[in-house]
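Written out below as structure tokens is the structure these notes cover.
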Amino acid sequence: MTISALIIIIIITIAVSMNAMNNDELKNKLMFSPYRCKHDKESYRFLSHTLIHADFQHLAFNMFTLYFMGKQLEVSFQIHYQSFVMGEVYFVGLYILGGLFATLIPFIRNQDNPGYRSLGASGAVSAIVFASIIWNPLGGLLVMGFPMPAWVFGILYLALEIWLDKKGNTGVAHDAHIGGAIFGVVFILITNIEKGKEILDLVF
């Protein structure tokens, strides 16, 4: 039986997160710190933060979202590229690069701020969510009990994240969510231009 990359990502993230919740030294070592990335050359933090979460609720929300939005996209990649391996390569590439790209805005904003730290896979998950939306914009989602097309959810979610980011003082890295979302959209448009054409047909 072959285990998908999605399941491996979830298992590793849960294992490392649960360990870090009881190990402050590990958590502090893996957290994203733009200041330490720049001044101490600890570039591994650009990605290591995706493996840890603040608490079980934070971890559960991200992993459930990743599974339910990612599973369909992972299978779609395998079908589209007519290969299990290539489908997994594209999926893992999207997740990892999405997590990296999600740190871009926080890094620019906080590279000289030693007090800024963040953690969680939300940016990478956001890339998966928005890639899934672009791949199947008319797909149905159930949001807080209300059904809506995926593209409508995408617009509402991104608008909310931008508003909360401008508001500030929420304790959440909304700019990372925005960065991940943008990367998810761009990734699909670059790797499958036909999806871009479908989006244009939907809009116009």
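Read-outs throughout are calculated quantities, based only on the coordinates presented, and are distinct from any laboratory measurement. Bear in mind that the values here come from a model prediction, so they are computed numbers and not experimental data. Cβ atoms come from the backbone with ideal geometry, glycine included; neighbour counts cover every protein chain shown.
Here are a few things to note about the model shown:
- Note on the stretch 129-163: residues that are touching an Asp or Glu at 6+ places or on another chain (Cβ under 9 Å), under 30 Å from residue 44 (Cα atoms) and touching a residue at least 60 places away in the same chain (Cβ under 8 Å) total 1.
- Residue 54 being more than 13 Å from the chain's Cα centre (by Cα), among the hydrophobic types (A, V, I, L, M, F, W, C) and farther than 14 Å from residue 4 by Cβ: yes
- Top-ranked residue of the stretch 147-200 - restricted to ones that are surrounded by 12 or more Cβ atoms within 10 Å (Cβ to Cβ) and charged (D, E, K, R), ranked as nearest to residue 134 (Cα to Cα): 195
- Helices (runs of 4 or more DSSP H) completely within the stretch 1-76 that count 3 or more residues being β-branched (Val, Ile, Thr) and out of contact with any strand residue (DSSP E or B) (no Cβ under 6 Å at 6 or more places or on another chain): 5-21
- Scanning the stretch 131-176 for residues that are of a type in the set (Ser, Thr, Tyr) and touching a helix residue (DSSP H, G or I) at 6+ places or on another chain (Cβ under 7 Å) yields a total of 2.
- Cβ-Cβ under 6 Å pairs, at least 6 apart or on other chains, the stretch 35-60 side within 16 Å of residue 19 (Cβ to Cβ), far side of a type in the set (Ser, Thr, Tyr): 51/13; 52/17; 53/17; 59/17
- Taking (1) among the small types (Gly, Ala, Ser); (2) over 17 Å from the mean Cα position of the chain (by Cα); (3) surrounded by fewer than 20 Cβ atoms within 10 Å (Cβ to Cβ) in turn, residue 60 satisfies each apart from (2).
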